[in-house]
Amino acid sequence: MSEQNVALIGNPNVGKTVIFNALTGSKAHVANWPGVTVEKKTGKLGDILITDLPGTYSLTPTALDDLIARNFILEESPKVVIDIIDATNLERNLYLGLLLKEIGVPVIFVLNMMDIASQKKIDIDYKKLAEFLQSPVIPTTAIKNEGIEELKKIITENIKIESEQNDPILYPEELEERITRIQNLVKGFSKNSKNPRWIAIKLMELDEKVTEDIKNQPNGENLLNSASQIVKEDDRISLASARYSYIKDIVNACVKKTAKVFDSSEFLDNFFLNKYFGIPIFFVIMWGIFEFTFSVATPLMTLVEIIQEWLGTIIINGLGETLFSSFLVGGLINGFGSIFIFLPNIFLMFLGISFLEDSGYLARAAFVMDRLMYKLGLHGRSFVSMLLGFGCNVPAIMSTRAIESEDDRIITIMVNQNMSCGARLPVYVLIGGAIWKNSAGSIIFSLYFIGIVLAIGIALIFRKFIFKGKRSPFILELGDYRSPTIKYTLIHMWERGREFIKKAGTIIFITIVIMWILQTFPLGAEINDSYLYKVGEFFQPIFNPLNFGVIAVIGLIFGFIAKEVVVSSFGLLLGVGEGAANLGQLIVQNLGNSPIIAYSYLVFVLLYTPCVAVIGAVYKETGSKKWTIISVVYAFVLAYLMAFLVQLIGGVYF
Amino acid sequence: MPRRRQRRFGKRTHQKFRNYDYSHQNIKELQEDILRMIVEKGIQPFPIPEIIKHCENTKKLGRVLDLMEQHLFITIKDSHIFLTQKGETYGMIIAKKHQAIESAFLNPISPVNSHKIASILEHSLSSRAIEQLIFMQHTKNIKSFPLDDYNLPQATIYRITFDSEKLFYKMISLGIYPGQRIEISHQNNNNQIIKVKNSRFAIDRFIARNIQVIP
Amino acid sequence: MRNNGNGNNSSLRYLNIIVIVNIIFSFSIFLFEILAIWIDIPILFASEGDPFGVSEFSGNWFDHIIKGMIGLLLTIIFIRSLINYNQNRSKARSFAIGGSFIILGLGLLYVLIWIAQFLDSALTQSLHEYIWYSGFRLEIVLLIINFPVLAIWKNKFKIFQNINSTTTVNV
């Protein structure tokens, strides 16, 4: 049984991933934010292997997404390429379609979002369109699952037949004449070239990749020289113009001209993008998301604590105080508990962000904030990554993939660690609540605020001194506002959360178990003689200037591995359950009973490396050991300095 | 043979202004001229004697008409020419070209010249060149503005001037290229939102500065 | 106002009413929250209460400031809508609708928080007084009043068809 290869391609935000899910049944991530799905995803439809290529507007080799897509088509030679087109945006979407046909690969066109098209009274004669394009055209509304069965049928049919050579789309005579001349040169150069016409057109466009490939072949230079004599300077534009006029002809023939229709997105943009109100509105919405996350998560967190305690009691009662039961409670249950307790927070935040994304508002937010970001030398897009950092730094760093410029991306990644992630919250709550009680909320807000301010300041410094020069150009498509479907918003939330759990979960669990081991052994010893304590004692001197006690240091060390562990490590060390009210008091005692020291401790927790998972993400996104190490060192130094500063200033005033 | 000689010289020295002068043309040009004449005069079927009036060289004419029949541009019946669909399309293209060149070279002082120029150039200029000519006509006296310095709600893109290949191609693939009509909806200090082919883009000042537009 | 015979007339009239009502209520919230700061601050220092004060929603002066600011912003938004009504109908309407959406979102948020706090106190078996006091809040009223805006928006193509911000659909 041979595998047949099929590729999925299309502009960003046309519903490509929804169709991918519908065809393959797997749950891939969909975003209203282009660039998130840069990695290729694959799935199966029966025997057929479907690859989801990155969303691109064209196939130029200078852009990474385009290059990936184009290389896949040229090298893997899929049997069929499925080009997904937004029915409300036919003219632009067909540009990619024409490019695909020019490569010569068989194409099936999917006309998606037909529901919105009919809402906007756009009437497309898809049968006529299929004639013009000499390819099947299938209308679908993917989110309502309409047209999908038909699509599956057409795919399985087309994959069996051998494709015939279609008539190439002809350019104006003047261009055609020169294309033919170059074509002949190419044929002369390499007898068995698969598609000399395509190569000729690419040479006319001064395509970098094709040019390079030819240069690397023997006698390639000659071909390039002869071709360059035929190519004229503005041929690139001529070719593009010709394509667009051809598209215009097709569209005029196949789409009924409609009357004026109310543009609801432009209507709403009058409000959300208003010069004066845009930013305040944005902050209100953000505040709403955060309130939602923190307040609604509370009962769920309480629930987890209760279950944890209840399980613990059962085991102790059932098995007695043995090593094994201690392992179960202190190791396993504690380990899982530490993961589960912050999940509500994380997932709710992801839910909120997914909602904003799917509704289309997130792009507007990036635009609105870009005015400020510009002054910092950052992008509106960086801003969204930083925002995600409030939930968890790992997906936030992963989302920087959408930022095209290397410089901007690195700055955003470096600065992202200052965005206080959800995992640090339990620490703030525990210690903050112990000292400041009712005003703990404000204290915690001040920490977030410090994080933001520092992020901005450091971004500016990076921009001015290390990455000199202006930021890269900002261009962003603002899709229509849509009311998010519950199903897909939940799917996105789950996608993001799942990735987080996978990355962080294992590490956290292992850490807890290790901690339990270190703490329990040598058996029978007092807490101060356990291995754990020895580890703390070893590192403590570094923190002497900051007045952090051994237990606090141990918290930091394990917090390095995963922040969520800090609270439970305290619980273990002090022999108290996590939920206990006096745990907080005990920790404060270890911090010299001083609010100032406690605050500086929190500042340290805020600023130093979030966790090992983050280091992994940084390495993955920067691809450079140098920057990864820099990020760790810089975070530690910054944390130390700021904590020291706090105690200095605090000592003076309080 | 004195008679023939006389006629030839007569034609040359006493050349009157005529719309269709086919004496000096090669085959292709003659074909095109015939088609243009038929289309412009609008008479179908077109009597062959009409054509002979403008072209004395009947042998050449005969050859050309045969060729045109072979190419399926026309069919001949009873000394009348019927245009096929293909022929009519071709003829209209040529007529359009002629008109475009004429109006491009229009000179109020001597109208004859622009027509003559059109008669010559219509055979040599490609459709693309004609488009360019028309475009040039419209934009001859117009100054273009960079988009970040432009205040009207609508514009036509005149030129894009990006150094970076990547950006250049990206703009084209988004539909931002010379000739495209755009709408400008919002403007900030550093950003604008433009509407291109039914989709909205937010662009910053740097990009806007590199897009030259005209109203 | 055009009478299309399919309820547009009454929908648009409802929108006009909502704007005025929202102005009144939003401003009330603003006043209420700012006032609450002065009332709450002495309580702040005196109470022992829940050590994990973060889970409390009221009783925190910082919260009052934020909510007060939001109330003020909403007031200004709807006043803006009113001012623009005659010169730029479309902008006025978009502010009214947008403001309503924000109120609906925040209202929903309050409901969820209320439920969450109720669940939390049930789980921890502690009874906070505010559960009773928060039974009737301005925010819930606003939520109910603005609810029909969702229905109006669902029929946007019919209702706003004649508004002056239509654009030609160029496919």
- Message: Which of the three applies to region A:173-251, rounded, prolate or oblate, going by the alpha-carbon gyration tensor with a ≥ b ≥ c and a/c under 1.5 meaning rounded?
- Response: prolate
- What per residue convex hull volume, in Å³, do the alpha-carbon atoms of chain A yield? 200 Å³
- What FRET efficiency, computed as 1/(1 + (r/R0)^6) with R0 = 56 Å and r the Cβ-Cβ distance, is obtained for A:Ile316 and C:Phe32, rounded to the nearest 0.05? 0.65
- Message: Please report the spacing between the Cα centers of region A:370-389 and region A:596-620 in Å, no decimals.
- Response: 21 Å
- Item | Residue mean of other protein chain beta carbons inside 10 Å, B:183-189 | 5
- Please list, or write none, the aspartates and glutamates whose alpha carbon is within less than 15 Å of the alpha carbon of C:Lys158, excluding same-chain residues fewer than 8 places away. A:Asp263
- Solvent-free Debye scattering, log10 I(q)/I(0), computed from the Cα coordinates of region B:117-163 at q = 0.25 Å⁻¹: -1.00
- Message: Using only Cα atoms and rounding to the nearest 10 degrees, what angle (0 to 90) does helix A:440-461 make with the longest principal axis of chain A?
- Response: 50 degrees
- Task: Sticking with the crude label model, points 7 Å out along Cα→Cβ, report the distance from A:Phe636 to C:Arg13 in nm, one decimal please.
- Result: 7.3 nm
- Relative to the longest principal axis of the C-alpha atoms of chain A, give the angle of the C-alpha long axis of helix A:581-590, reported between 0 and 90° and rounded to the nearest 10°. 80 degrees
- Task: With a point put 7 Å past each Cα toward its Cβ, work out how far B:Glu69 is from B:Leu152 in nm, to one decimal.
- Result: 5.5 nm
- Message: What's the ranking of A:106-118, C:112-124 by average number of surrounding C-beta atoms within 10 Å, highest first?
- Response: A:106-118, C:112-124
- Message: Can you give the FRET efficiency to the nearest 0.05 for C:Asn162 and A:Thr62, using r as the Cβ-Cβ distance and R₀ = 30 Å?
- Response: 0.05
- Task: Quick one: go through region A:74-88 and flag any residue whose amide nitrogen is under 19 Å from the point 7 Å out along the Cα-to-Cβ line of A:Lys256.
- Result: A:87-88
- For region B:145-214, restrict the atom set to alpha-carbon positions and state the Rg and Dmax in Å. 10.6, 29
- Task: Step through the table entries A:Lys215/B:Lys170; B:Lys41/B:Lys96; A:Lys101/B:Lys195; A:Lys121/A:Lys260, compare each Cα-Cα distance with 18 Å, and write down the pairs that go over it.
- Result: A:Lys215/B:Lys170; A:Lys101/B:Lys195
- Please give the length that would be gained between A:Asp234 and A:Glu150 if that part of the chain were fully extended, namely 0.36 nm times their separation in residues minus their C-alpha to C-alpha distance (nm, one decimal). 26.0 nm
- Task: Any chance you could check the Cα centroid distance between region A:123-197 and region B:30-68 for me, in angstrom?
- Result: 40 Å
- Message: Using only the alpha-carbon atoms, how far is helix A:486-500 inclined from the longest principal axis of chain A? Give it as 0 to 90 degrees, nearest 10.
- Response: 60 degrees
- Multiply the residue separation of A:Asn593 and A:Ser193 by 0.36 nm, subtract the distance between their alpha-carbon atoms, and state the gained length in nm to one decimal. 136.1 nm
- Note on the structure: Result for chain A: accessible area per residue, probe 1.4 angstrom, in square angstrom, of 40 Å²
- Please work out the Cα center distance from region A:208-241 to region A:272-327, rounded to the nearest Å. 60 Å
- Item | Given charges at beta-carbon only (K, R positive; D, E negative), |dipole| of region A:4-158 in Debye | 220 debye
- Query: Which links in A:Lys194/A:Lys248; C:Lys91/C:Lys156; B:Lys28/B:Lys97 stretch past 21 Å when you go from one Cα to the other?
  - Reply: A:Lys194/A:Lys248
- Item | Neighbourhood charge, 9 Å Cβ-Cβ cut-off, centred on A:Gly278 and excluding it, Lys, Arg +1 and Asp, Glu -1 | +3
- Message: What distance in nm lies between label points placed 7 Å from Cα along the C-beta direction at A:Val612 and A:Arg181?
- Response: 6.5 nm
- Task: Be a star and scan region A:245-278 for residues whose amide nitrogen sits under 13 Å from the point 7 Å along the Cα-to-Cβ vector of C:Asn88.
- Result: A:267-278
- Note on the structure: With -39,500 (n - 2.57) per DSSP H segment of 4 or more residues and division by the full residue count of chain A, the 222 nm estimate, nearest 500 deg cm²/dmol, is -19500 deg cm²/dmol
- Once you average over the residues of A:289-299, how many Cβ atoms of partner chains fall within 10 Å of each Cβ? 6
- Inter-chain shielding metric for A:92-101, i.e. average beta-carbon neighbours from other chains within 10 angstrom, reads 2
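The values are calculated or read from the model by the stated rules, or taken from the named source; none is laboratory data. For clarity, every value in this text was computed on a predicted model and none was experimentally measured. Note that we place each Cβ from the backbone using ideal geometry, even for glycine, and neighbour counts take in every protein chain shown. Accessible surface is based on the protein model in full, side chains and every heavy atom, while ligands, DNA and RNA are left aside. Shrake-Rupley method; radii C 1.70, N 1.55, O 1.52, S 1.80 Å.
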